[in-house]
Amino acid sequence: MKKIITICCLTLLMGCNSSTSQNSNRNNLELNQKKSIYLDLENNEVNLSSFKGKKILIEIERLGYPICPHCGQIYFDAPKDRRSQEVEDVPAFGRRCILKILKYRIDCSCGYKGTEYIEWLSRYSRTTSRYQNLIYAFCKRMTGIDVSVLFGISKHLVYKLDKAGIEKELVEQKPIEAKRIGIDEISRKKGHRYATIISAPGERKILEVVKGRKIVDLALFFKGKSKKWCDGIEIASMDAWRAFRSVVGKYCKNASICFDHFHLAQHFSKAIDKIRIKEASKAIIKNKDVYKGTRWLMLKSPENINEKQKVALDSLLAIYKKLFTAYILRERFREIFKGLSAHSRLIRLSIWKTEAESAKIGPITEFIKKIERWEPFVRNSLRHNHSNSFAEGLNNKVRVIQRMAYGYKDFDYLRLKIIQQFNFRHFRSIYD
């Protein structure tokens, strides 16, 4: 009888212990599932978490079977092998967060041989997708060096993640169906090494940044566009560089080529400066002092001249008739582009040419010959009243981008940064 009672008690105790251990296991499983949900890793189980200095180490394991990244089917066979890998995730509680995961290698029936698909981790990457998005958001406003110091990672990783983020946005960008384009060159390095920016002023977007400014360089961009896209271009604004108009004339048959009037004014300013230098060389000794500091006075707009400068300019123009005539012609030339209608602007151009020819001043006559040589493009600019101001304004922004990075050795990265700062500059909260 005693033996029977003893066996019953042992059985009850074993049952209680087993139920207690089952409850404990169930609670641990629920806790791990909750942890994985908090980490937004629902298909993974958190096995262990610990602190190591300024790092949080979290060991996780996939729930279920591996998935083939090539065909998307579940791989039910036993994996070939597995390996442990540490991946950096977004920081938490002032510490770097490191995920320790097990990656399985599979041999799928579709022919794929390699590591399994993990939705929150790119192939060969040592950082999670959300960590990459965080770094990319900072790179839109900060330099790569500053971001690397802030997050305690190498600058090479920052550049890699930044480039990958821009390329991803570039692929997702909707096609830009521009009606008007602007073309202008920028200096990318010393030694007359240029890049050409092709922009869409109406959409305020960059279409492409081309290495070089020759016909061969520019032709690659237009060859990559469809005939329909090229035929849809109605206006192309540019300066007088021959390669620009040659390429546009060849590929965009319907485009009206408009020369930027700011560049025309620049050519006329050079003509005035030539006159000033020539007259200064002829001036007698007592009038030499009148020329000092007058170079920029001759080129300044009248509304930007103060009283002291006005007195100096009046003294100069009162002595030299040719300079006075050139100054008046310059102001008349500026008035051409202020006409309210295309007809009035074209009439003003014809009147100005007659007045300029009657002045018979050498450098101005040379400038008139340039105008006559470019007359179809100048008249297009007056008809449509479009300048290349947006493309010219890009130069200032590009200089800022280059100065922030102290120059770019990698042209592809420079190209992507220019596109980023105009096409993808805006960003949303990383918590959305």
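Is it true that K168 is without any contact (Cβ under 8 Å) to a residue 12 or more places away in the chain, on the phi < 0 side of the Ramachandran plot and either of a type in the set (F, W, Y) or in the same structural domain as N395 (by TED's automatic domain parsing) (or both)? Break it down stepwise before answering.
Details: without any contact (Cβ under 8 Å) to a residue 12 or more places away in the chain: yes; on the phi < 0 side of the Ramachandran plot: yes; either of a type in the set (F, W, Y) or in the same structural domain as N395 (by TED's automatic domain parsing) (or both): no.
No.
What's the number of the only condition in (1) polar (S, T, N, Q); (2) loosely packed, with under 13 Cβ neighbours inside 10 Å; (3) within 16 Å of D273 (Cα to Cα) that T294 fails to meet? Unmet condition: (2). Sort out which residues of segment 204-229 are out of contact with any Ser or Thr (no Cβ under 7 Å at 6 or more places or on another chain), under 16 Å from F422 (Cα atoms) and crowded, with 17+ Cβ neighbours inside 10 Å, and write them in order of number. E208, V209, listed by residue number.
Which ones in segment 180-191 are without any contact (Cβ under 8 Å) to a residue 40 or more places away in the chain and under 22 Å from F262 (Cα atoms)?
The answer is S187, and nothing else.
When R180 is tested against (1) of a type outside the set (F, W, Y); (2) surrounded by fewer than 17 Cβ atoms within 10 Å (Cβ to Cβ); (3) more than 18 Å from the chain's Cα centre (by Cα), exactly one condition is not met: (2). Within segment 58-81, the set of residues being farther than 17 Å from W120 by Cα and either among the hydroxyl-bearing types (S, T, Y) or buried (at least 16 other Cβ atoms within 10 Å of the Cβ) (or both) comprises Y75, P79.
Strands (runs of 3 or more DSSP E) fully within segment 184-254 that include at least 1 residues being small (G, A, S): 193-200, 235-238.
If I filter segment 315-338 for residues that are of a type in the set (A, V, I, L, M, F, W, C), in contact (Cβ under 8 Å) with a residue 12 or more places away in the chain and touching a Ser or Thr at 6+ places or on another chain (Cβ under 7 Å), do I get at least one hit? Even if it seems obvious, please write down each step before you answer.
Keep residues of segment 315-338 that are of a type in the set (A, V, I, L, M, F, W, C), which gives 316-319, 323-324, 326, 328-329, 333, 336-337.
Now drop any that are not in contact (Cβ under 8 Å) with a residue 12 or more places away in the chain, which leaves 316, 319, 323, 326, 329, 333, 336-337.
Still in the list and also touching a Ser or Thr at 6+ places or on another chain (Cβ under 7 Å): 316.
Looking for residues that are of a type in the set (A, V, I, L, M, F, W, C), in contact (Cβ under 8 Å) with a residue 12 or more places away in the chain and touching a Ser or Thr at 6+ places or on another chain (Cβ under 7 Å), one finds at least one in segment 315-338, hence yes.
Got a number for residues in segment 347-380 being among the polar types (S, T, N, Q), closer than 21 Å to K270 by Cα and within 32 Å of the chain's Cα centre (by Cα)? Talk me through it step by step, then tell me what you get.
Filtering segment 347-380 for residues among the polar types (S, T, N, Q) gives 350, 354, 358, 365, 380.
Narrowing the set further to residues that are closer than 21 Å to K270 by Cα leaves 354, 358, 365.
Applying the additional criterion that residues be within 32 Å of the chain's Cα centre (by Cα) yields none.
Result for segment 347-380: 0.
Among the residues of segment 255-295, those identified as within 23 Å of E185 (Cβ to Cβ) and either modelled with pLDDT under 80 or not in a helix (DSSP H, G or I) (or both) are A255, S256, I257, C258, F259, D260. Within segment 115-161, the set of residues being exposed (fewer than 15 other Cβ atoms within 10 Å of the Cβ) and farther than 14 Å from V87 by Cα comprises R141, I145, V149, L150, G152, S154, K155, H156.
Does at least one position in segment 409-421 carry a residue that is more than 26 Å from A271 (Cα to Cα), touching a residue at least 24 places away in the same chain (Cβ under 8 Å) and among the polar types (S, T, N, Q)? The answer is yes, given that some residue of segment 409-421 is more than 26 Å from A271 (Cα to Cα), touching a residue at least 24 places away in the same chain (Cβ under 8 Å) and among the polar types (S, T, N, Q).
The values are calculated or read from the model by the stated rules, or taken from the named source; none is laboratory data. Just so it is clear, the model here is predicted, and its values are computed rather than measured. Positions of Cβ are backbone-derived with ideal geometry, glycine not excepted, and every protein chain shown enters the neighbour counts.
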